[in-house]
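Only one structure is covered here, and it is reproduced in the block below.
The values are calculated or read from the model by the stated rules, or taken from the named source; none is laboratory data. Please read all numbers here as calculations on a predicted model, not as lab measurements. Note that each Cβ is placed from the backbone with ideal geometry, even for glycine, and that neighbours are counted across all protein chains shown.
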Amino acid sequence: MKKIVELFSWLFIACLLYDCHAGDRADVMTEVTVRVFMDSLVAVKQQSYQIKFHNQNTRVTTIRNSISSSSYSDQLLRGLYDVQVEGTLLLDNGERVWVRGSATEQEFLSSESSCEIHLVRMQ
């Protein structure tokens, strides 16, 4: 009886370890593309963003810094996400502005997912 309990204990531990490494498997990952938009009368010369992906299923937040284009792709675990973007823009007229935007409850469930975020100028 003791051997059977020990065997089941080891099987349980092995299952837990397998689940912890499930992120390495392609069938649980999604290629997420985030596109940011800003309504501005002046053209943008340079941009720098931070993107936060908060997985509501696992409660894990993935942060990506120094994004310098209006489109960004990343590999994430499939799930329900809140996405926040914050950064600065250097406009052609020399003005530097701080911008923010977010999208809540984004379902990234297929092998490829996308999200559009409209940025708002902060004062």
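Quick notes on this structure:
- Scanning the range 74-87 for residues that are surrounded by 13 or more Cβ atoms within 10 Å (Cβ to Cβ) and part of a strand (DSSP E or B) gives ASP74, LEU76, LEU77, GLY79, LEU80, TYR81, ASP82, VAL83, GLN84, VAL85, GLU86, GLY87.
- Out of SER110, SER73, sole residue that is modelled with pLDDT under 90 and closer than 17 Å to THR30 by Cβ: SER110
- Among the residues of the range 88-99, those identified as in a strand (DSSP E or B) and over 18 Å from PHE53 (Cα atoms) are THR88, LEU89, LEU90, LEU91, ARG96, VAL97, TRP98.
- Residue in the range 100-116 that is among the aliphatic types (A, V, I, L, M), touching a Gly at 6+ places or on another chain (Cβ under 7 Å), in a strand (DSSP E or B) and without any contact (Cβ under 8 Å) to a residue 24 or more places away in the chain present: no
- Some residue of the range 38-56 being among the polar types (S, T, N, Q), surrounded by 11 or more Cβ atoms within 10 Å (Cβ to Cβ), in contact (Cβ under 8 Å) with a residue 12 or more places away in the chain and in a loop (DSSP other than H, G, I, E, B): yes
- Hey, VAL60 among the aliphatic types (A, V, I, L, M) and touching a residue at least 40 places away in the same chain (Cβ under 8 Å) or not: no
- Residues in the range 108-123 that are farther than 16 Å from TYR49 by Cβ, among the hydrophobic types (A, V, I, L, M, F, W, C) and exposed (fewer than 13 other Cβ atoms within 10 Å of the Cβ): LEU109 only.
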